Ligand code: SF4
């Protein structure tokens, strides 16, 4: 029977069928971060003799609150660090770290056909490589650290075919928000989304990661892009990948990782995205969005409107802002920072604007290109890498009622601070909005130099 | 196993884990003692809990309960505050798994039952028989995952996994050869 790409990866990892339609699924790679790992590591230490199935399959990345902000988070970091050292686990500690979903691929810890799990819902980001990459709870992660496996119900597979090249101004972020709006904020629950089509083929790995990052925002277990030459050339030469012959042998194997023609799916959707325009969320979940040129919809839910302090029919572009944030595992890679810098070059922000690179490696690469100067000349805060303001946990928390435009992935009530209001958008839209102080696109900005000219 | 069955009704869909317990409260490393933080991220959440029956151990909510982050702290805080079941038409996958692993039954019932259940002060819930007896004398049957039901009622997820280690090693060795 013809199989989907997901079917092939799944079947290569099932160790044992279990009652009730469950399966024991082998995990090739576990990514461990300091917020969700310590409790699981302590559980194994207390009850199972501090043994791990295979420390070489684990990578520890210090990410959410980096560096620690208080005693409690320092303890989380210390437990992760001590545990990694004890077991010889590779660790990317403060200074060589960043958001785990940014660090793991840039160091080559993920590859096509692999299964990968992490105690973080946005692990789906790494599905961009054609890996089965999923977020799990602490207990499931501890089980995988102890026994190498997860217990999972086999997800259904939803095929989403995207056709057409993205038009100028439209980005992978807009694509992600568009897909969620089409299938619904919970429309892919218990499904894996298998992407395909000419759009996917034309996307860079950074863009595919942005798209897959938001698969969880439609409830999906993960997103999956078929691996291709773009994937292989991204991985070639990465720190944790073999070199020379050994790497090319892997590529030959990865080339066979394709859905069979005639594979059947639980559901199939085809979308033409060539006319896509920038999208911004107005509500309290990532599915509540509208075109940047649009208005708060007539059928908007009363609860979302109340929380967001909006009325139906209000143009999104008119909304005044208190903060702008460029960062997070959705949009903090070098290409995202370049897109934001292209908008900010020679301009000034008019609201507090925070730019947080996704990893220290991204930060250094950006600085080699002078992007840090662009951001700081514009008056933005250029920080070290971390999850930062994304989850209102460390820095950049917004006040109740404050409105923030953000390149992140979640706009839930309180996500960036109790009572705070979040609008999700692409880095370019966030940057343009930071300049004008209200939600705006780059095309609204006066040409650089025009302001001074008119003053003279 | 029967629950006390006092209901905390929350007439909302998409109650995400940031609402159940916001991120700034995830700084500990223990899985207990989180009950005091429950619903601190939910608009009106604290008032909701203050108004709850002191023995409330069941939440009734609308679809997609527990969406968002993978934080198991959501299940830990519910459990610590005395909740043993959440009844909803659907759950987000990660929360669904976390709930089973922490003695919080994720009970899926058809959406059409929710209005009635939200209005009930007390329900008779039997997790072994998988039934809800409603105040009007009716019975709603639900289905728990037969494997995870064992973890729900008795714990033991990690012990189950520990027993599988030889088998997993064998599978891996066979694959490599
Ligand atoms: S950047 Fe935000 S969404 Fe991504 S892992 Fe960090 S907290 Fe989670």
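The values are calculated or read from the model by the stated rules, or taken from the named source; none is laboratory data. All of these numbers come straight from a predicted model, not from anything done at the bench. Cβ sites come from the backbone with ideal geometry, for glycine too, and all protein chains shown count toward neighbours.
A few points about this structure:
- Answer residue from segment A:382-411, given it is without any contact (Cβ under 8 Å) to a residue 40 or more places away in the chain and either at the interface with chain B (Cβ under 10 Å from one of its Cβ atoms) or surrounded by 22 or more Cβ atoms within 10 Å (Cβ to Cβ) (or both) and is nearest to the ligand (Cβ to nearest atom) among those: A:392
Here is a yes/no grid of residues against (1) within 24 Å of residue A:93 (Cβ to Cβ); (2) within 9 Å of chain B (Cβ to nearest Cβ):
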position	(1), (2)
A:26	no, yes
A:50	yes, no
A:53	yes, yes
A:56	yes, no
A:59	yes, no
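- Hey, residue B:129 surrounded by fewer than 14 Cβ atoms within 10 Å (Cβ to Cβ), more than 19 Å from residue A:22 (Cβ to Cβ) and at pLDDT 95 or above or not: yes
- Listed here are the helices (runs of 4 or more DSSP H) enclosed by segment B:27-146 that have at least 1 residues being within 9 Å of another protein chain (Cβ to nearest Cβ): B:73-80, B:93-100.
- Positions within segment A:138-170 being within 14 Å of chain B (Cβ to nearest Cβ) and within 18 Å of residue A:5 (Cβ to Cβ), in sequence order: A:152, A:154, A:155, A:156, A:158
- Residue among A:65, A:15 that alone is surrounded by 15 or more Cβ atoms within 10 Å (Cβ to Cβ), within 9 Å of another protein chain (Cβ to nearest Cβ) and modelled with pLDDT of 95 or more: A:15
- Among the candidates A:113, A:108, A:88, A:169, the residue that is modelled with pLDDT under 95 and surrounded by fewer than 24 Cβ atoms within 10 Å (Cβ to Cβ) is uniquely A:169.
- If you filter segment A:117-131 down to residues that are under 23 Å from residue A:11 (Cβ atoms) and part of a loop (DSSP other than H, G, I, E, B), you find that the one that is farthest from the ligand (Cβ to nearest atom) is A:130.
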